[in-house]
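Taking it in order: structure first as structure tokens, then the write-up.
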Amino acid sequence: MHLKGLDLNLLIILDALLKERNVTKAADRVCISQPAASAALSKLRHFTGDELLQKVGRTFVLTPRAQALVKPVEDILRQIEKTMIPSPDFDPARVDRTFKIAMSSYVGNLLTDGIMDKLINVYPKISLDVESLRTDSVARVKEGKIDFCIATLPTAFLDWPEAREEYNYSFLFEDEWVVLASAENDLVTNNLTFEEFCALPYIETRLGRNLRTPIDQILDCKNRRPQTRLSVPHFELAITHTMHSDCITVVPSMLVNDLERPFLKMVRVPFETPTIEEHLIWDARNEDEPDIKWFRELLMEITLELGHSTLHNIQGSVPVISVAN
């Protein structure tokens, strides 16, 4: 590689090209013209002795050499940024900052009220931008598009890269699955059997086009399962329809609030289910950033308030629900 003439701006454009895999999008990303990005790509090809981007059909793909450059280039730029622009002290009472976080509607229902109560009453300059949990949420953390995501680990819902050392994560809380039925549904008793469960009309929760809950993945592997009469995109709808029908559903226990509880029966799932363990995930490179550290501590504080679990209302023996210490 010929280093003479290779400047920092070329590395910034290279990083954009490797991420976007498209000259026009890379130009937009770094706020330069498309011809300027094309000229930079030509220089980078000269320096590396590699095409970097190859056209396949109507799209561009990274060459093997380009794929090998993705992480080193990103790390070099991050190190330069940290060296040249040290992180200032973070004062949440005085600094305008919006934290971006991906979470499921389930987690959002449990945490966002507590977070916003803190922000509005104590930290008026801090804002929260919540987006729905997606299959690429972990990758979006790595790309810097969001600061955090909250997800179960290990997870079949998210693309969880093999290079887990690139991420840090911290346990937030755990919950258990429960069967819900209308309080007037006489077919659901404390000792609900699997056969009785399968005989009842069922409301399934699909968290996305290709995202199935662990419960339905388990049921798909059994010789028998209840007939799905309704599919809904989130647990809250499943709870609402269960209250007003003869259907049953399976949801995380802590989603059942005080207003809904008198209208519902909540009993144990009649087959083995995994514990729901929610974790906060962030980019390991941001471990010591003052703002990221502060928000992590805020979330840990909020989850401590989840200690008053709804599981004492489940008919039968009571499991222990844990929260972060």
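The numbers here are math on the coordinates, done by the rules we state, and not lab data. These figures come from a predicted structure and were not determined experimentally. Cβ placement follows ideal geometry from the backbone for every residue including glycine, while neighbour counts extend to all protein chains displayed.
One table, with the values for the structure above:
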| quantity | calculated |
| --- | --- |
| Tyr202, Tyr123 arranged by Cβ crowding within 10 Å, fewest neighbours leading | Tyr123, Tyr202 |
| Normalised contact order of the range 8-84, rounded percent, pairs of Cα under 8 Å and 6 or more residues apart | 29 |
| Sorted by Cβ density within 10 Å, fewest first, the residues Ser104, Ser245, Ser127 | Ser127, Ser245, Ser104 |
| Greater than 24 Å apart at Cα, pairs in Lys55/Lys100; Lys55/Lys145; Lys100/Lys293; Lys25/Lys142; Lys71/Lys145; Lys82/Lys118 | Lys55/Lys100; Lys55/Lys145; Lys82/Lys118 |
| For the range 177-268: rounded, prolate or oblate by the Cα gyration tensor [a/c cutoff 1.5] | oblate |
| Sparsely packed trypsin sites (Lys or Arg not before Pro) within the range 188-272, loop by DSSP, other Cβ within 10 Å at most 15 | Arg209, Lys222, Arg224 |
| From phi via Karplus (6.51, -1.76, 1.60), per-residue ³J(HN,Hα) for the range 235-249 in Hz, x at Gly/Pro | 4, 4, 5, 4, 5, 4, 5, 5, 4, 10, 8, 8, 7, 10, 8 |
| P(r) of the range 8-84 over all Cα-Cα pairs, binned every 5 Å from zero, in whole percent | 3, 17, 28, 27, 17, 6, 1, 1, 0 |
| Vicinal HN-Hα couplings computed from phi for the range 278-291 (Karplus, 6.51 cos²θ - 1.76 cosθ + 1.60; Hz; Gly/Pro x) | 8, 10, 8, 10, 9, 5, 4, 5, 9, 3, 9, 5, x, 5 |
| Two-site FRET efficiency, Leu11 against Phe271, from Cβ-Cβ distance with R₀ of 56 Å, rounded to 0.05 | 0.55 |
| Semi-axis lengths, Å, the chain, gyration tensor of Cα atoms, sqrt of 5 times eigenvalues | 46, 25, 15 |
| Ranked Cys221, Cys198, Cys247, Cys149, criterion: other C-beta atoms within 10 Å, fewest first | Cys221, Cys198, Cys247, Cys149 |
| Loop GluC sites (Glu not before Pro), the range 1-75 (other Cβ atoms within 10 Å of the site Cβ: 15 or fewer; DSSP) | Glu51 |
